[in-house]
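One structure below.
The values are calculated or read from the model by the stated rules, or taken from the named source; none is laboratory data. Computed from a predicted structure; not experimentally measured. Positions of Cβ are backbone-derived with ideal geometry, glycine not excepted, and every protein chain shown enters the neighbour counts. Calculation scope for accessible area: heavy atoms of the full protein, side chains included, ligands and nucleic acids excluded. Shrake-Rupley method; radii C 1.70, N 1.55, O 1.52, S 1.80 Å.
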Amino acid sequence: MKKEKLLMTPGPTMVPPAVLMAGGEPMIHHRTPEYSQLFRELNKNLKTIFQTQNPVLTFPAAGTGGLEAAVVNFFSPGDRVLCTSIGVFGDRVATIAKAFGLNVEKLTVPLGEAVDPRIIEEKLKEQNYKGVFVTHNETSTGAYNDIEAIGKITKNKDILLIVDAVSSLGGLDLKTDEWGVDVVITASQKALMAPPGLTFLSVSNKGWEAAQNSTSPKFYWDVIKARKAMEKPSPQNPYTPAVSLLRSVNKALELIIEEGLQEVFHRHSQLAKATRAAVEALGLKLFAAPQARSNVITSIKMPEGIDGEKVKKQMAEKYGVITAGGQEDLKGKILRIGHMGYVHEGDIIQTIAALEKALIDVGYPIEKAVGIKAALEVFN
Ligand code: PLP
């Protein structure tokens, strides 16, 4: 009999049954009081999760759509921006910004490390930038950036801090208003534990001023138009919204709020600690630098002669646990375990067991169950 596999990738992630069921409710029309009520609730819940008093916009798209929306709404061709990159997703933002004619300076950090906020501070002294783009959690490496420290540098300056929180929001703490983040972008399919298909952007007052001045071409992504529709007495969207996905996300946000944001962050921290302890107990090395290790994903360096792709395949096909491999230059060299969203202790134990067995299968000698024991000790 076929059994469902355990989805331990860094997105899409596992979705709670109640969230799937909410998406399966009968369709409603989007210009009705019923829809407005749903959208009103979603907007309120999004503000709680984003830790902001500012409006949070919803667009039907993948996270990359949200990143493009940030580029075209808050900047104009020729604007100088600093794009920090600690991996694939930092690179992607820089590519989008270049595609829309922004004057991009890239600040690239070795893979596995976080950006040193002091370097950003120095860069801002050298040049006038209109914006700084930073990835919160770099999903391709398992490292995360210190947004609070970067916010302190940009907060009282005439510059926008734009944070890609696609794989972190709802898993890592991100105090949007308190830390002075102008635009936060996320998506439905990661720590928000809903199906893929929606992207969300919070926008500060500074961000709204910038949006008024932006001359970049845009139509579908226009945040001013989206805000006007959202702030009608009966909240709406300019175009047909993804009603079922909105229902799913709203249910997922309710579950997060019910558990409590701090509790959710604590759960992620425990999952990460247990995973890291298991990996190290098995004699493997963690890929991310010690001070940059994220609580939503663990990336593991593959030992000399061991192909991460083979380990991943074995874990999925033989032991029913789906993880992710390395991307681009890291292909085969690392294995990434996502532990964001709807993940609990038992999922980590099952994943470590699959990892141990797969390592033995590919010819890497380990002492059986030492990883599991280390993980259990964290949970106890
Ligand atoms: N940014 C980060 C940090 C991500 O992890 C991802 C996806 O993994 C993206 C952006 C792109 O999101 P999407 O695949 O939804 O376009």
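Beyond 15 Å, what share of the Cα-Cα pairs of segment 158-229 is found? Please give it as a whole percent.
For segment 158-229, the fraction of Cα-Cα distances above 15 Å is 59 percent.
Under the rule that an exposed site lies in a DSSP loop and has at most 15 other Cβ atoms within 10 Å, name the longest stretch of the chain with no chymotrypsin sites (Phe, Trp or Tyr not before Pro) of that kind, not counting the sites themselves.
1-218
Once a ≥ b ≥ c are taken as the square roots of the eigenvalues of the Cα gyration tensor of segment 100-249, is the result rounded (a/c under 1.5), prolate (a/b larger than b/c) or oblate (a/b not larger than b/c)?
Values: a/c = 2.02, a/b = 1.33, b/c = 1.51.
Oblate, since a/c reaches 1.5 and b/c is not below a/b.
Beyond a 31 Å Cα-Cα separation, which of these cross-linked pairs lie in this structure: LYS5/LYS285; LYS157/LYS301; LYS98/LYS312; LYS98/LYS251; LYS157/LYS333?
In this structure, LYS157/LYS301; LYS98/LYS312; LYS98/LYS251; LYS157/LYS333 lie more than 31 Å apart at Cα.
Can you pull the Rg over Rh of segment 1-158, Cα-only, Kirkwood?
1.04
Under a Cβ-only charge scheme (Lys and Arg +1, Asp and Glu -1), can you give me the dipole magnitude of the chain about the Cα centre, in debye to the nearest 20?
Approximately 520 debye in magnitude.
On average, how much accessible surface per residue is there in the chain, in Å², for a 1.4 Å probe, leaving out ligands, DNA and RNA? Let's see the in-between values first.
On the way: 16000 Å² over 380 residues.
With all protein chains present, the chain gives 42 Å² per residue.
Under 5 Å between amide hydrogens, which residues at least 5 positions from VAL321 or on another chain qualify, with H placed 1.01 Å from N in the peptide plane?
Hits under the 5 Å cutoff: LEU6, ALA316.
Report the far tail of the P(r) of segment 115-170, meaning the percent of Cα-Cα pairs longer than 13 Å.
Considering segment 115-170, 59 percent of its Cα-Cα pairs are separated by more than 13 Å.
Check SER76: other-chain or 5+ apart residues with amide H under 5 Å from its amide H, H built from backbone geometry?
THR215
Going by Cα centres, segment 328-357 and segment 55-118 are how many Å apart?
Segment 328-357 and segment 55-118 have Cα centres separated by 28 Å.
Sort largest first and round to whole Å: the equivalent ellipsoid semi-axes of segment 273-380, each the square root of five times a Cα gyration tensor eigenvalue. Before the final figure, lay out the partial values.
Numbers: eigenvalues 67, 52, 38 Å².
After scaling each eigenvalue by five and taking roots: 18, 16, 14 Å.
Which net charge results when you count Lys and Arg as +1 and Asp and Glu as -1 among the other residues whose beta-carbon is under 14 Å from that of PRO26? Please report the intermediate quantities before stating the final value.
Working: positive: ARG247; negative: GLU25, GLU34.
Cβ neighbours under 14 Å give a net charge of -1.
Please report, in whole Å³, the volume per residue of the convex hull around the C-alpha atoms of segment 5-51.
Spread over its residues, the Cα hull of segment 5-51 gives 113 Å³ apiece.
For SER85, enumerate residues with amide H under 5 Å from its amide H, sequence gap 5+ or separate chain, H modeled in the peptide plane.
Amide H neighbours of SER85, under 5 Å, 5+ apart: LEU107, THR108, VAL109.
Compute the distance from the alpha-carbon center of segment 1-38 to that of segment 200-258, in whole Å.
One Cα centre to the other: 20 Å.
Of all GluC sites (Glu not before Pro) in segment 230-302, which ones are in loop regions per DSSP and have a Cβ with at most 11 other Cβ atoms within 10 Å?
Listed in order of number, the matching sites are GLU231.
Compute the whole-percent fraction of alpha carbon pairs in the chain spaced more than 38 Å apart.
Cα-Cα pairs in the chain separated by more than 38 Å: 19 percent.
Just to check I understand the Karplus step: with θ = phi - 60° and J = 6.51 cos²θ - 1.76 cosθ + 1.60, what whole-Hz values come out for segment 167-182, glycine and proline as x?
Each residue of segment 167-182 in turn: 9, 10, 4, x, x, 10, 5, 9, 8, 3, 6, 4, 8, x, 8, 7 Hz.
List the aspartates and glutamates whose Cα sits under 20 Å from the Cα of LYS206, skipping any in the same chain fewer than 8 residues away.
Filter leaves GLU68, ASP79, GLU121, GLU148, ASP158, ASP164, ASP177, GLU178, ASP182, ASP222, GLU231.
Summing -39500 (n - 2.57) over the DSSP H runs of n ≥ 4 in the chain and dividing by its residue number, what mean residue ellipticity at 222 nm do you reach, to the nearest 500 deg cm²/dmol?
Value at 222 nm, helices only, nearest 500: -13000 deg cm²/dmol.
Quick one: what do you get for segment 169-281 if you divide its Cα Rg by 2.2 N^0.38 Å?
Scaled against compact globular proteins, the figure is 1.31.
Tell me the trypsin sites (Lys or Arg not before Pro) within segment 10-63 that lie in a loop according to DSSP and have at most 16 other beta-carbon atoms within 10 Å.
ARG31
Using +1 at the Cβ of each Lys and Arg and -1 at the Cβ of each Asp and Glu in segment 163-248, identify which of GLN212, GLY180, TYR239 lies farthest towards the dipole's positive end.
Projecting each Cα onto the dipole axis, the largest value belongs to TYR239.
Within the accessible area of segment 159-311, what % is carbon and sulfur when the probe is 1.4 Å and the other protein chains stay in place?
Using a 1.4 Å probe with all protein chains present, segment 159-311 comes out at 53 percent carbon and sulfur.
Using the Cβ atoms and a cut-off under 11 Å, what net charge is assigned to the surroundings of TYR239, where Lys and Arg are +1 and Asp and Glu are -1? Show your work: numbers first, answer last.
Details: positive: LYS225; negative: ASP222.
Summing Lys/Arg as +1 and Asp/Glu as -1 gives 0.
What does the highest-first list of 368-375, 357-364, 163-170, 244-251 look like by mean Cβ count within 10 Å?
Working: 368-375: 18.4, 357-364: 16.4, 163-170: 28.6, 244-251: 23.0.
Result, highest mean Cβ count within 10 Å first: 163-170, 244-251, 368-375, 357-364.
Using 0.36 nm times the number of residues separating TYR220 and ALA149, minus their current alpha carbon distance, what extension gain do you get?
Gain in length upon complete extension: 22.2 nm.
Are there trypsin sites (Lys or Arg not before Pro) in segment 279-338 that DSSP marks as loop and that have at most 15 other Cβ atoms within 10 Å, and which are they? It would help to have the intermediate numbers written out before the result.
Numbers: sites: LYS285, ARG293, LYS301, LYS310, LYS312, LYS313, LYS318, LYS331, LYS333, ARG336; in loops: LYS318, LYS331, LYS333.
Loop-located and lightly packed - LYS318, LYS331.
Could you work out how far apart the two model spin labels at GLU258 and LEU124 are, taking each label as a point 7 Å from the Cα in the direction of the beta carbon, and quote it in nm?
Between GLU258 and LEU124, the label points sit 4.1 nm apart.
Which distance in nm do the two modelled labels at MET21 and LYS357 give, with both placed 7 Å along the Cα-to-Cβ direction?
Placing both labels 7 Å beyond Cα along the Cβ direction yields 3.1 nm.
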